[in-house]
C-alpha cells in the first residue's frame, strides 16, 4: 500500500505540490491526468525519492514504512519502480547490464535478459549503450524492459504513450497491463490455473500512470483517475468520466465541477 | 647504423616539443645483466605477478610467443608459432641484414634527446614479425620490465606485419614492486603492409616516480589495419607520448584507443596523430581520461590529405576528485572533400545518471562506479575478446583507487 498524506513539495523555494493525499491499495492502479506543468512528473519523482524534490510537509508511506526521507535506492529495494519519460543515457553501460542491475534491485532475482527483451521486441538493443541514440519508442520499451526485470510492486509510468508510434502503442499498452496484472482475460488452459475472478482478487501490483491523452486506457482498466492541477490533486473519479469532462470543458472547468 | 648513431649524436641536448624536460644525467644508463631464462616459470613470483598485471602470462597460456626484457637484459624471447618471428633487436641487427631497412626509418633518431639517448645507449628491444599471409591468432606478449632503481631503460622495437598477415601484440611495461625511481625510453616502429592487420595493446603499470618517454611511428599500406590500444591506470610521475601513424596506402585504416587515469602527482601527456595520405583511408582516435588529482593532457591530431578520407576524434574527460584534464583535439583538412569531425568533453558525472541508477537499486557509490566503468569501457571492433578482457581487467584493478 502507498499512502501519501497532506504532502507539500518544494523545488528550491518554490512550492510545486501541496495538500496531496493519495492512497493506492495493493492491486490498484490509478491514472493521473493534468495539463503540462501541473506537477505530475514531480509527484512521481517525489515518490521515487529524488532529492531535488524536497518534502516540506506531510508524509509518504509504503508497505507500512515511512519513506518520506528514504534515499532512492532503498525505495527501489522496497519495490518502487519507475518508467521515465526522458531517462538519461549512460555511455558504456549496456542495456543488458542495466537489466541485470534492475533484477538485483529487490535482492538476487535471476533473469534472462534475452527472454525478457523478446517480450518488448528489444533483443537487438541489449548490447547497445543504455538510452544512447534511442528513439522515443525505443526508450519506452527499454524502460518497460527494466521494470520487467525489477519486478517492482509499485510501478509508476510517466506518459507511457508519448512519442510511441501506432505500431508500438499496443505493445507498450499490453506490456503495462501485464506488469500490473491486468492482462486481457483469457480462457483457462488447465484446471490448475486461477479463474479470472481469482486473478482479480490476487492482484498485488500497484500502478500510477501519468497520461495526457488517456490512450493507455484502451489497453488496461484502471481503478481511479485523478486530476493534478496547479500542484493540487483535484478530483477522484471514474477515468472515463473525467476524460470526457476534460475533453468537453478543459482542465480548469473540469476541476471546478468535480471538486 | 652509423648513420643512426651520428644523427642521434646531434640531438643529445635537443629538448622535446612536449612534456616536462627530464634531466637524463640523473639516471644510470649502465647495463644490468640478468640470466636468460629457459623457462618463464623460473621468474620470481613477485615479478610474475607484476607482469601478469600488465597482461603477460608466465605460463604462456593462449600466447603465440613471448619477449621479456628486464632492465637492459633480454630474459626470454621465443616464438611458439610458425609464421611468427621474435628476436631481441640487437641480435636481429647482427644476424638479419634486411633489418637495417627498417631500423630507424620511421622514428628519426634526432627527434629529441630521448630518441637520441635511446639510440646512443641502446640496451635492446624486440623485433616481432608476422610472415606473409601468416595468421597469428593468439597474441604475442611482450614485457619491458624495470627492476633496478634509478635506472634508464632504453629499447628500440620493430613490429612488422608482412602482406596479408594478422598479428596481435599485447605489451606490458611494468616495474618491480620495490622500484621507486626510473626512466623508460622506448622507440617503436610499426610496419603494416598490404592487407595486413595488427592490433597492438599496450598496458602501462609504472611506479610513482617513473618518467616515461615512448616514441613511436607506424606506416599502414594498402588495405591494412592498425589498432592501437593504450591503457595507463597506474601512477607515473611524468609520461609523454604522441604516437604517429601514416596511412600510406589506399583503404588503410588506423584506430587509436586510449584509457588514462591521472593519479595525484601524475602528469600524463598522451596523444595520437594519424595522417591520412591515401584515398579512402579511415582513422579514428578515441580517448577516455579520468583524473582523481592528476594532470592529463589528451591530444589528438588528424590530418586529411585526400578527398574522401574519413576521420573522427573523440576525447572525453571526467574529473572525479580534483586534477586537470586538458583536451586538445586538432583536425587539419588539406583537400576538398575530406570528412573529419571531433567531439571533446570534460566534465563530472551527471547527478541524474547516478539517480537513474539509484532508482534501479544501486547505492550512490555503486552507481558512480558503474558510470565510471561505462565511461572507461570502449568498444574496440576487431580486437580479440581475450585482449578486450585484459583491458577491462586492467581498468577494473584501478577502480577502487578512482573512487
Next on the checklist: Take the residues in the stretch B:339-356 that are in contact with a helix residue (DSSP H, G or I) (Cβ under 7 Å, 6 or more places away or on another chain) and facing chain A (nearest Cβ under 7 Å); name whichever of them is farthest from residue A:87 (Cα to Cα).
Outcome noted: B:355
Checklist entry - Just checking, how many residues over the stretch B:175-208 are within 26 Å of residue B:121 (Cβ to Cβ) and part of a strand (DSSP E or B)? => result 17
Checklist entry - Got at least one residue in the stretch A:146-154 being free of Cβ contacts under 8 Å to residues at least 60 places away in the same chain, within 14 Å of another protein chain (Cβ to nearest Cβ), in contact with a helix residue (DSSP H, G or I) (Cβ under 9 Å, 6 or more places away or on another chain) and part of a helix (DSSP H, G or I)? => result yes
Checklist outcome for this item: Picking from B:24, B:52, the residue that is in contact with a strand residue (DSSP E or B) (Cβ under 9 Å, 6 or more places away or on another chain), farther than 30 Å from residue B:132 by Cβ and in contact (Cβ under 8 Å) with a residue 24 or more places away in the chain would be B:24
Checklist entry - Of B:136, B:140, B:99, B:159, which residue is touching a helix residue (DSSP H, G or I) at 6+ places or on another chain (Cβ under 6 Å) and more than 20 Å from residue B:10 (Cα to Cα)? => result B:99
Next on the checklist: What's the total number of residues in the stretch A:120-140 that are outside any loop (DSSP other than H, G, I, E, B) and in contact with a helix residue (DSSP H, G or I) (Cβ under 7 Å, 6 or more places away or on another chain)?
Outcome noted: 5
Checklist entry - Restricting the stretch B:187-204 to residues that are buried (at least 24 other Cβ atoms within 10 Å of the Cβ) and in contact with a helix residue (DSSP H, G or I) (Cβ under 8 Å, 6 or more places away or on another chain), which is modelled with the highest pLDDT? => result B:187
Checklist entry - Restricting to the stretch B:357-402, what's the tally of residues that are in a loop (DSSP other than H, G, I, E, B) and facing chain A (nearest Cβ under 10 Å)? => result 8
Checklist entry - What residue, of A:50, A:84, is touching a helix residue (DSSP H, G or I) at 6+ places or on another chain (Cβ under 9 Å), within 24 Å of residue A:214 (Cα to Cα) and either at the interface with another protein chain (Cβ under 10 Å from one of its Cβ atoms) or surrounded by fewer than 17 Cβ atoms within 10 Å (Cβ to Cβ) (or both)? => result A:84
Checklist entry - Which residue pairs have Cβ atoms closer than 6 Å, lie 6 or more positions apart in sequence or on different chains, and pair a first residue in the stretch B:356-383 that is farther than 26 Å from residue A:148 by Cα with a second residue that is in a helix (DSSP H, G or I)? => result B:376/B:395
Item to check | Test result for residue B:336, within 14 Å of chain A (Cβ to nearest Cβ), over 27 Å from the mean Cα position of the chain (by Cα) and not in a strand (DSSP E or B) | outcome: no
Checklist outcome for this item: In the stretch A:209-228, residues that are touching a helix residue (DSSP H, G or I) at 6+ places or on another chain (Cβ under 7 Å) and either crowded, with 21+ Cβ neighbours inside 10 Å or assigned to a loop (DSSP other than H, G, I, E, B) (or both) total 10
Checklist entry - Could you say whether any residue in the stretch A:57-71 is over 16 Å from residue A:8 (Cβ atoms) and within 11 Å of chain B (Cβ to nearest Cβ)? => result yes
Checklist entry - Restricted to the stretch A:99-114, and to residues that are facing chain B (nearest Cβ under 7 Å) and either at pLDDT 95 or above or surrounded by fewer than 17 Cβ atoms within 10 Å (Cβ to Cβ) (or both), which residue is nearest to residue B:318 (Cα to Cα)? => result A:101
Checklist outcome for this item: Quick count over the stretch A:18-38, residues being under 28 Å from residue A:203 (Cβ atoms) and either in a strand (DSSP E or B) or in contact with a helix residue (DSSP H, G or I) (Cβ under 6 Å, 6 or more places away or on another chain) (or both), is 11
Item to check | Of all residues in the stretch B:220-256 being touching a helix residue (DSSP H, G or I) at 6+ places or on another chain (Cβ under 7 Å) and not in a loop (DSSP other than H, G, I, E, B), the one that is surrounded by the fewest Cβ atoms within 10 Å (Cβ to Cβ) | outcome: B:229
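The values are calculated or read from the model by the stated rules, or taken from the named source; none is laboratory data. A quick note: this is a predicted structure, and the numbers were derived from the prediction, not measured. Cβ coordinates were reconstructed from backbone atoms using ideal geometry, including for glycine residues, and neighbour counts include every protein chain displayed.
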